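Asks: What follows is a structure written as structure tokens; I'll ask about it next.
The values are calculated or read from the model by the stated rules, or taken from the named source; none is laboratory data. Quick caveat: nothing in here was measured; it's all calculated off a predicted structure. All Cβ positions, even for glycine, are placed from backbone atoms using ideal geometry, and neighbour counts span all protein chains on display.
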């Protein structure tokens with residue numbers, strides 16, 4: 001086994017273990033090498049990427065508007081910059097068939113070096129969700145790919161029942177649970193249900209989904225300690241930090257234009273020397 005293969009195997013095992021720990025896994029979402037390094041230095045044991053944040057940083061809107069290769073290039077840059085496990089947001093898998101989605105997962109692992117992947121159950125330009133049977137076949141194909149490598153590749157299967165307001169409000173909870181459990185049975189390691197913030201709904205999801213639950217940390221959502229009490233295994237933050245960074249840049253622009261002063265980017269900032277030090281390697 002090469003040193004590179006051994007490193008990937010170690011990271012894959014570490015990410016898988018973090019989903020089974022007694023403490024909730026908090027995954028910040030990086031959009032470039034700098035944000036990834038900042039999260040690593042802060043002490044996070046692993047990081048995720050944000051497809052929306054990557055798209056915005058490259059001048060594109062969200063929704064699989066980047067090519068698979070463009071996204072993978074950024075993921076690889078992030079992986080090469082940090083020493084902790086990385087899981088990649090690959091949206092709907094950049095493919096319509098199980099074989100195409102499995103090939104995306106293979107590229108995530110073997111080209112980019114990430115040891116996990118998000119997979120959504122809806123196309124970016126559609127409100128309706130994919131048929132459950134098709135989505136489970138995609139998950140099985142990814143699982144088979146991972147099994148062939150001998151690595152515990154962490155597949156985070158996402159259902160957008162709540163995020164896209166699919167069906168009548170009274171049916172969404174049962175449908176999200178049904179889909180998540182089908183994805184779990186197909187081989188998903190973690191089940192991601194974004195778009196929910198109330199404690200009662202999250203508690204039911206945690207109790208009735210037969211695997212680790214991932215919740216999106218957004219305004220109005222319970223705090224991380226509260227989510228842990230509810231039984232949530234993983235919380236991620238999506239494009240929130242990247243959009244907050246965009247908002248700071250917007251404030252810098254406004255200050256420069258309106259008052260010609262500099263406090264928005266000089267007060268409490270990182271110095272050039274500190275920034276350089278972040279990326280120095282022995």
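The rows are residues; the columns are (1) modelled with pLDDT of 95 or more; (2) part of a loop (DSSP other than H, G, I, E, B); (3) in contact with a helix residue (DSSP H, G or I) (Cβ under 8 Å, 6 or more places away or on another chain).
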{"site": "14", "(1), (2), (3)": "yes, no, no"}
{"site": "39", "(1), (2), (3)": "yes, no, no"}
{"site": "59", "(1), (2), (3)": "yes, yes, no"}
{"site": "62", "(1), (2), (3)": "no, yes, yes"}
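Asks: Name the one entry in 180, 146, 157 that is touching a helix residue (DSSP H, G or I) at 6+ places or on another chain (Cβ under 6 Å), buried (at least 16 other Cβ atoms within 10 Å of the Cβ), within 20 Å of residue 101 (Cβ to Cβ) and at pLDDT 95 or above.
Replies: On the way: 180 fails: touching a helix residue (DSSP H, G or I) at 6+ places or on another chain (Cβ under 6 Å); 146 fails: touching a helix residue (DSSP H, G or I) at 6+ places or on another chain (Cβ under 6 Å).
The conditions single out 157.
Asks: To continue, here is another question. Would you confirm whether any residue within the stretch 173-181 is assigned by TED's automatic domain parsing to the domain that holds residue 19, assigned to a helix (DSSP H, G or I) and over 17 Å from residue 211 (Cα atoms)?
Replies: Initially, the stretch 173-181 is screened for residues assigned by TED's automatic domain parsing to the domain that holds residue 19, giving 173-181.
Pick out the ones that are also assigned to a helix (DSSP H, G or I) and you get 173-181.
If we keep only those that are over 17 Å from residue 211 (Cα atoms) too, we end up with none.
No, because not a single residue in the stretch 173-181 is assigned by TED's automatic domain parsing to the domain that holds residue 19, assigned to a helix (DSSP H, G or I) and over 17 Å from residue 211 (Cα atoms).
Asks: Looking at 245, 249, which is the one that is outside the structural domain of residue 92 (by TED's automatic domain parsing), surrounded by 16 or more Cβ atoms within 10 Å (Cβ to Cβ) and on the phi < 0 side of the Ramachandran plot? Quick ask: steps written out before the conclusion?
Replies: Working: 249 fails: surrounded by 16 or more Cβ atoms within 10 Å (Cβ to Cβ).
Sole residue among the options that is outside the structural domain of residue 92 (by TED's automatic domain parsing), surrounded by 16 or more Cβ atoms within 10 Å (Cβ to Cβ) and on the phi < 0 side of the Ramachandran plot: 245.
Asks: Further question on the same structure: For the stretch 111-136, how many residues meet the condition of being in a helix (DSSP H, G or I) and either modelled with pLDDT under 95 or within 21 Å of residue 164 (Cβ to Cβ) (or both)? Working first, answer last.
Replies: Of all residues in the stretch 111-136, those in a helix (DSSP H, G or I) come to 111-112, 132-136.
From what is left, the residues that are either modelled with pLDDT under 95 or within 21 Å of residue 164 (Cβ to Cβ) (or both) are 132-136.
Here the count works out to 5.
Asks: Please find, among 218, 224, 235, the residue that is buried (at least 20 other Cβ atoms within 10 Å of the Cβ) and at pLDDT 95 or above. Outline the logic, then answer.
Replies: Working: 218 fails: buried (at least 20 other Cβ atoms within 10 Å of the Cβ); 224 fails: buried (at least 20 other Cβ atoms within 10 Å of the Cβ).
Step by step, each of 218, 224, 235 is checked, and only 235 is buried (at least 20 other Cβ atoms within 10 Å of the Cβ) and at pLDDT 95 or above.
Asks: Only residues that are out of contact with any helix residue (DSSP H, G or I) (no Cβ under 9 Å at 6 or more places or on another chain) and surrounded by fewer than 20 Cβ atoms within 10 Å (Cβ to Cβ): list them for the stretch 204-215, please.
Replies: Across the stretch 204-215, the qualifying residue is only 207.
Asks: Just the residues that are more than 29 Å from the chain's Cα centre (by Cα) and either touching a residue at least 12 places away in the same chain (Cβ under 8 Å) or exposed (fewer than 13 other Cβ atoms within 10 Å of the Cβ) (or both), please, taken from the stretch 252-270. Before you say what the answer is, go through the steps one by one.
Replies: Going through the stretch 252-270, the residues more than 29 Å from the chain's Cα centre (by Cα) turn out to be 253-264, 266-267.
253, 254, 257, 258, 259, 260, 261, 262, 263, 264, 266, 267, listed by residue number.
Asks: Out of everything in the stretch 90-103 that is buried (at least 17 other Cβ atoms within 10 Å of the Cβ) and over 20 Å from residue 194 (Cβ atoms), what residue ends up being modelled with the lowest pLDDT? Walk me through how you get there before you give the answer.
Replies: Taking the stretch 90-103 as the starting set, the residues that turn out to be buried (at least 17 other Cβ atoms within 10 Å of the Cβ) are 90-95, 98, 101-103.
If we keep only those that are over 20 Å from residue 194 (Cβ atoms) as well, we get 95, 98, 102-103.
On the way: 95: 95, 98: 98, 102: 98, 103: 98.
Residue satisfying both the conditions and the ranking: 95.
Residues are listed down the side, and each one gets a yes or a no for (1) crowded, with 20+ Cβ neighbours inside 10 Å; (2) touching a strand residue (DSSP E or B) at 6+ places or on another chain (Cβ under 6 Å); (3) without any contact (Cβ under 8 Å) to a residue 60 or more places away in the chain:
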{"position": "6", "(1), (2), (3)": "no, no, yes"}
{"position": "13", "(1), (2), (3)": "no, no, no"}
{"position": "29", "(1), (2), (3)": "yes, yes, no"}
{"position": "42", "(1), (2), (3)": "no, no, yes"}
{"position": "48", "(1), (2), (3)": "yes, yes, no"}
{"position": "83", "(1), (2), (3)": "no, no, yes"}
{"position": "87", "(1), (2), (3)": "yes, yes, no"}
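Asks: Now for a separate question. When only residues in the stretch 183-200 that are in contact with a strand residue (DSSP E or B) (Cβ under 9 Å, 6 or more places away or on another chain) and assigned to a helix (DSSP H, G or I) count, which is nearest to residue 126 (Cα to Cα)?
Replies: From the stretch 183-200, those in contact with a strand residue (DSSP E or B) (Cβ under 9 Å, 6 or more places away or on another chain) are 183-184, 186-197; that's our starting set.
Cutting the leftovers down to assigned to a helix (DSSP H, G or I) gives us 183-184, 186.
Numbers: 183: 20, 184: 24, 186: 24 Å.
So, considering only residues that are in contact with a strand residue (DSSP E or B) (Cβ under 9 Å, 6 or more places away or on another chain) and assigned to a helix (DSSP H, G or I), the one nearest to residue 126 (Cα to Cα) is 183.
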